[in-house]
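As structure tokens, the structure follows; a few thoughts come after it.
The values are calculated or read from the model by the stated rules, or taken from the named source; none is laboratory data. Everything quoted here is computed from the prediction, not taken from an experiment. With ideal geometry, Cβ positions are generated from the backbone for all residues, glycine too; neighbour counts draw on all protein chains shown.
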Amino acid sequence: MSAPASGTAIRTQSPSPRKFERAIVVGASSGIGAELAKQLAAEGAHVALVGRRAPELEAVATAIRAQGGHAIVAAHDVTHYDDVPVVYERLVKEMGGLDFLAYVSGAQYNPDESVYDFAQDREMIEVNVIGAIAWTQLAAAAFEAQRGGTLVGISSIAGERGRRTMPGYTTSKAAMRTWMEALRNRVSRYGVNVVTIKPGFVDTAKTAHLTKKPMVISPARAAELSLKAAHRGGSPSVFVPGQWQLVALILRHIPSFVFRKLNL
Ligand SMILES: NC(=O)c1ccc[n+]([C@@H]2O[C@H](COP(=O)([O-])OP(=O)(O)OC[C@H]3O[C@@H](n4cnc5c(N)ncnc54)[C@H](OP(=O)(O)O)[C@@H]3O)[C@@H](O)[C@H]2O)c1
């Protein structure tokens, strides 16, 4: 891991609330990631937008620039793991350093219960877990070296239990939560703020097919609550919105022999 580009101040984290200056959002072309990028830019951060769909990324960047913000774009598929260090280094160099990285990219399939689809399950693990590991460990190493930085990872309430209706997705989100916990335990001692976000239902393309979305919030609200947790510091792991914490508590305590009978 290289140090930030020359001329970039290496600082320890300032006391809360943190101000983010140079941010990468992986998965910024739509939904929660696009809103997070816009809100970071509105706060004054220089933002790098990553995702596969270049036109959508450009549209987000254009919206940011129209508000007077700074945005650069990198079209990138997170499953092209060998490209990750190259894209990461280029963006850090272009921005002159990094103090915030959010991994928001996610794939989700909800197959019919009669379907066992290895390709879909593999994609969810590759995007939601291995891509996250590839991107966040680069930032974790850099933040450890510079003794500061904020790392955000998006898990989900869905990661609380293995569900028969979405086995691949729930597995991937549980793995993401555990990965972020491990990073937190590894680098928070060096002043790195490691933030796990566990949303409930958010009104994006991922949930467009659902008819019932209890306690649904907008992607802008999900981004706002995520950013609030990141600003607070202290390496929090939070449900978004907070009411899902009670749901998670109940879910975790349902015995397996009962849980398997539920339509979850
Ligand atoms: N919506 C919800 O109710 C909800 C609830 C809990 C958690 N989440 C999580 O929140 C995150 C954002 O989802 P969203 O709801 O905002 O949906 P979304 O609008 O579909 O956003 C998904 C993002 O992931 C990116 N992505 C997917 N595959 C990728 C790949 N191979 N390489 C690079 N980027 C990739 C997409 O960019 P490209 O297509 O341009 O590559 C897009 O920017 C996901 O991790 C999701 O699991 C969502």
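When Glu113, Glu123 are checked against the criterion of being over 18 Å from the mean Cα position of the chain (by Cα), surrounded by fewer than 19 Cβ atoms within 10 Å (Cβ to Cβ), closer than 24 Å to Leu264 by Cα and charged (D, E, K, R), a single residue qualifies: Glu113.
Residue count for the range 149-192, restricted to those that are over 18 Å from Gln137 (Cα atoms), aliphatic (A, V, I, L, M) and not in a helix (DSSP H, G or I): 1.
Of everything in the range 194-208 that is more than 6 Å from the ligand (Cβ to nearest atom) and free of Cβ contacts under 8 Å to residues at least 24 places away in the same chain, the residue that is nearest to Ser237 (Cα to Cα) is Asp203. When Thr178 is tested against (1) surrounded by fewer than 22 Cβ atoms within 10 Å (Cβ to Cβ); (2) within 12 Å of the ligand (Cβ to nearest atom); (3) modelled with pLDDT of 95 or more, exactly one condition is not met: (2). A count restricted to the range 97-115 and to residues that are under 22 Å from His231 (Cβ atoms) and more than 16 Å from the ligand (Cβ to nearest atom) stands at 4. Figure legend. Inter-residue proximity from the range 77-100: first residues on the phi > 0 side of the Ramachandran plot, second residues of a type in the set (Ser, Thr, Tyr) and modelled with pLDDT under 95, beta-carbon distance below 7 Å, spacing 6+ or different chains. Indicated pairs: Gly96/Thr8; Gly97/Thr8.
Note on the range 76-91: residues that are touching a strand residue (DSSP E or B) at 6+ places or on another chain (Cβ under 8 Å) and either more than 30 Å from Gly233 (Cβ to Cβ) or more than 15 Å from the ligand (Cβ to nearest atom) (or both) amount to 1.
Within the range 20-29, is there a residue that is crowded, with 21+ Cβ neighbours inside 10 Å, more than 10 Å from the ligand (Cβ to nearest atom), over 24 Å from His209 (Cα atoms) and among the charged types (D, E, K, R)? The answer is yes, given that some residue of the range 20-29 is crowded, with 21+ Cβ neighbours inside 10 Å, more than 10 Å from the ligand (Cβ to nearest atom), over 24 Å from His209 (Cα atoms) and among the charged types (D, E, K, R).
If I ask for residues that are modelled with pLDDT of 95 or more and of a type in the set (A, V, I, L, M, F, W, C), which ones from the range 208-237 would you list? Residues satisfying the conditions are Met215, Val216, Ile217, Ala220, Ala222, Ala223, Leu225, Leu227, Ala229, Ala230. Ala229 meets each of the listed conditions (1) buried (at least 19 other Cβ atoms within 10 Å of the Cβ); (2) within 11 Å of the ligand (Cβ to nearest atom) apart from (2).
Matching residues to (1) within 16 Å of the ligand (Cβ to nearest atom); (2) of a type in the set (A, V, I, L, M):
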position	(1), (2)
Tyr169	yes, no
Ile217	yes, yes
Ser235	no, no
Phe239	yes, no
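To keep it simple, each residue is scored yes or no on (1) among the aliphatic types (A, V, I, L, M); (2) over 20 Å from Phe239 (Cβ atoms).
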position: Leu98; (1), (2): yes, yes
position: Ala107; (1), (2): yes, yes
position: Asp121; (1), (2): no, yes
position: Ile125; (1), (2): yes, yes
position: Ile130; (1), (2): yes, yes
position: Ser155; (1), (2): no, no
position: Tyr169; (1), (2): no, no
position: Met180; (1), (2): yes, no
